[in-house]
Each structure stands twice: as structure tokens, then as C-alpha cells.
Amino acid sequence: SSSCKQLAMADEFGPLGGRSLGFLGCGTINVALVRGILRHGAKDGELAPKFPLVVSPRNAEKAAALVQEFGEQYVKIAADNQALIDGSEVVVVGLTPPLVPEVLPQLKFRSGQRMINVVATCSNDQMAELTEGAVAPGSIVKIIPLPCFAHGKGVVSFFPDTSVQALSFLRTVSPCVGVKTVDQMRTLTTAGALMGPYYQYLATSCKFLTDNGVDPEVAAAYLGDLLLGVAHDSAGASTPQRFTDLVEEQTPGGINLQMVQHLQSTGAYDELYKGMGGVLERLNKAAAQK
């Protein structure tokens, strides 16, 4: 059965604790993972990985910053990408999507090596094919973290959901939510695309405040912490009804309800829904490519 197959996948991957981790790619997400692990994760005991964490030399400035922040006891820069693969039991692939088919086939992975797939547009099966089968799909766990992981915040989605033991170390840093199917993982990934629009929402709101006489420093400080506090009330939601309830709590005739109704009348929320659909369409097309 599929559930038995998923359980076998999780068992094949095994827990992260005690394993050496190499981070292929030194972009925003992999850097956030390293920082989150070292700032907020366990550094000893069964759940801790083997230190130092090995990082890619590709972005020399970011890699050097990690070594400077945490020291060589916890972070080591690999001589090159192949040296990173050779020295890691688990490889965290955080390359940009265009680089994945260019870089992975050039590297020699070991049979039975494990991988954490952080590339939103690449499936575990596609990753396995690019290693010429050295890393089996059952030895790959897909995760979607966001940059706020560096601060021990946010949530990490992962597939398959039976890999919870494998990701127990990451759960010491941030909540993790598993899904049962690849299709569900792709759909959940579309929610990660709300990060950029959220920041643009803040930028537009900040421009309005400054255009209307508020000092830029005051506007930025107020908006950043205001929306952080607002988001706190939605954290830990157990059902979709929680979000509806928060909307319905807005005071009748008040300024919050006025803004909701204005955005509804302009079709802004409908466009948000369509935008998520466009992201999902892109992810589905990428998954269909061989």
C-alpha cells in the first residue's frame, strides 16, 4: 500500500541526529537553515547533527559570514561542491531552480546517501534522477522553509509526512507540518509565495504613511511590529474557521471592516486566489517535466 511505501521511505532516510550535514548552495534559504539550526536548535544530544555543518563555497561572502558568526567549530566551508558531497551523510540541496539540472549531474553522490530537497520546483523523483539513481527517492525528504527559520520562526512543510522522525532536529527550531502526497506538497508550497506579496503590502502601506507626513523611520518601525502582532493571533490555527472568525471579529462600521470591504470590492482577494492558482500551475508544469 502507499502508506507502507511512505513508511519505508521514512525508515530509509533515518533521523538527522548524529549525521553530518552539507548545504549545497549558500543562498537565502540554506543560510537561514544553518542560522536556525545553530541559533535555536539542539547542539548536543540525540537530535543534534554532527558538527561542523559544511557549507558550499559558491557564495563566498555568505559562507564566510556564517563562519565568522558561529566559528569553525560549527561551520566549515567546503573546498568545492564535490568535497561537500564527499564529506556529508545528508546533503541539503538549496540551489536556485535553473542551477539544479546544471550542477547535480556534475556531482558524484554515494549510493545510499540522503538528501533534503529545498527546491520548490523540483520533485524528489527529479532530484533522484539527477543523481543518476545514487540517491533513491526514498532517501529524499522535501522541505519548504522560509527565511524566518533563521530566527526560529515560521513553519516548515515536508513530504512525506512519515518523515517526522527524520526531521525531529528541525522541529527543535520551528514547527513542522507534514503532508501525505506530492500533490498536497505542491499545493501547500503555493502559500510560501505569499511572503513576497506580504512585504510589498508593507512597502505600499509604508509609502502611504510617509506620503502623508509620518517620518520614514517611525512608519517602518510601527508597521513591522504592528503586522507581527496581528499575525500572532492567527498562529496555531487548527481549522480554517479561525481565519473567518478573525475577519468577523472586526468592528461593524470600523476602519478594519472598511478596508476589508474595499479590497473585496476591487477584487483584490479574488486576484490573490488567482495568483496562487498561477503558482500552482507553474509547479505542476515543472513536476511534469523529465
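The values are calculated or read from the model by the stated rules, or taken from the named source; none is laboratory data. Predicted model only: the values in this text are computed from it and were never measured. A quick note on method: Cβ atoms are made from the backbone with ideal geometry, for glycine too, and the neighbour counts reach across all protein chains shown. Quick note on the areas: whole protein, heavy atoms, side chains included, nothing else; ligands and nucleic acids left out. Shrake-Rupley method; radii C 1.70, N 1.55, O 1.52, S 1.80 Å.
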Scan segment 153-184 residue by residue and report those that are basic (Lys, Arg) and either within 16 Å of LEU47 (Cα to Cα) or open to solvent by less than 30 Å² (accessible area, probe 1.4 Å) (or both). ARG171
Within segment 55-102, count every residue that is in contact (Cβ under 8 Å) with a residue 40 or more places away in the chain, among the β-branched types (Val, Ile, Thr) and either touching a helix residue (DSSP H, G or I) at 6+ places or on another chain (Cβ under 7 Å) or within 16 Å of LEU33 (Cβ to Cβ) (or both). 6
Condition broken by GLY45, with the remaining ones in (1) closer than 24 Å to GLY112 by Cα; (2) in a loop (DSSP other than H, G, I, E, B) satisfied: (1)
Could you pull out every one of the helices (runs of 4 or more DSSP H) wholly within segment 197-290 that has 2 or more residues that are touching a strand residue (DSSP E or B) at 6+ places or on another chain (Cβ under 7 Å), at positive phi and surrounded by 11 or more Cβ atoms within 10 Å (Cβ to Cβ)? none
Residue check, VAL75 against (1) of a type in the set (Val, Ile, Thr); (2) over 19 Å from VAL173 (Cβ atoms); (3) out of contact with any Gly (no Cβ under 8 Å at 6 or more places or on another chain), all met but one. Which one? (2)
From the residues in segment 68-77 that are part of a loop (DSSP other than H, G, I, E, B) and more than 22 Å from the chain's Cα centre (by Cα), which one is nearest to LYS43 (Cα to Cα)? GLN73
Given the residues ALA150, ALA120, ALA136, which is the only one that is surrounded by 21 or more Cβ atoms within 10 Å (Cβ to Cβ) and touching a helix residue (DSSP H, G or I) at 6+ places or on another chain (Cβ under 9 Å)? ALA150
SER3: passes all of (1) assigned to a loop (DSSP other than H, G, I, E, B); (2) at pLDDT below 85 but (1)
Could you say which residue among GLY36, GLY22 is under 20 Å from ARG114 (Cβ atoms), at pLDDT 90 or above, assigned to a helix (DSSP H, G or I) and small (Gly, Ala, Ser)? GLY36
Which one is surrounded by the most Cβ atoms within 10 Å (Cβ to Cβ) among residues in segment 24-53 that are without any contact (Cβ under 8 Å) to a residue 40 or more places away in the chain and touching a Phe, Trp or Tyr at 6+ places or on another chain (Cβ under 7 Å)? LEU53
